[in-house]
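Single-structure report; data block below.
The values are calculated or read from the model by the stated rules, or taken from the named source; none is laboratory data. Computed from a predicted model, the values in this text were never measured in an experiment. Glycine also receives a Cβ, built like all others from the backbone with ideal geometry; neighbour counts cover every protein chain displayed. When the accessible area is computed, the model is the full protein with side chains, heavy atoms only, and any ligands, DNA or RNA have been set aside. Shrake-Rupley method; radii C 1.70, N 1.55, O 1.52, S 1.80 Å.
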Amino acid sequence: MKRFAGFLGRSPDTADAEDLRRYQLYLVEHGISSIFLNATITGLKFLFESTLGHPKLLAKMHAVHEPRILPVILSREEVARLLSAVDNLKHRMALRP
C-alpha cells in the first residue's frame, strides 16, 4: 500500500478504478514480475473489498497468468554421450540407473 500511495501521491482510500488501472500499467511498464504483480493485486483487492468495502473498483483487475514452460528433455543419445564422458568410476556409478 505504501508503493500505491506513493504512486498516487495521496491516500489509497481516495483512489478510483482509473487510478488502479494506471497503477497496474505503471507496474507492467517498469518490468515488475508477474509474481509481484499478482501479490500487489491481491493486496489491493483485500484493501478495497474487505477493508474499504468497494469491491466494484477492482472488477476489471485480474491476476496475471504466466504460461508454464516445459523443461528440456535429453534424448537417449545425449544421455549416453553424457554418461560416456564421465571418467571417474565413483561418478559413473552414481549416475547409473
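General observations
- The chain: trypsin sites (Lys or Arg not before Pro) in DSSP loop, at most 16 other beta carbons within 10 Å: ARG10, LYS60, ARG68
- Rounded accessible area of ASP19 (nearest 10 Å², 1.4 Å probe): 10 Å²
- When the chain is described by a simple charge dipole with +1 on each Lys and Arg Cβ and -1 on each Asp and Glu Cβ, the residue from THR51, PRO67, LEU82 located farthest towards its positive end is LEU82.
- Here ILE35 and ILE73 are evaluated by their C-beta separation; at R0 = 25 Å the FRET efficiency comes out at 0.45.
- Multiplying each eigenvalue of the alpha-carbon gyration tensor of the chain by 5 and taking the square root yields semi-axes of 51, 13, 12 Å, largest first, rounded to whole angstroms.
- Full-extension gain in nm, ASP13 to LEU89, via 0.36 nm per residue minus C-alpha separation: 20.7 nm
- Per residue, the chain exposes an accessible area of 81 Å² to a 1.4 Å probe, with every protein chain left in place.
- Span-rule helices in the chain, defined as complete DSSP H runs reaching 30 Å or more along the axis (Cα) with Kyte mean at least 1.0: none
- When nucleic acids and ligands are ignored and a 1.4 Å probe is applied, SER50 ends up with an accessible area of around 80 Å².
- Within the accessible area of the chain, the carbon and sulfur atoms contribute 60%, probe 1.4 Å, all protein chains present.
- Lys pairs, the chain - Cα-Cα below 30 angstrom, 8 or more residues apart or on other chains: 5
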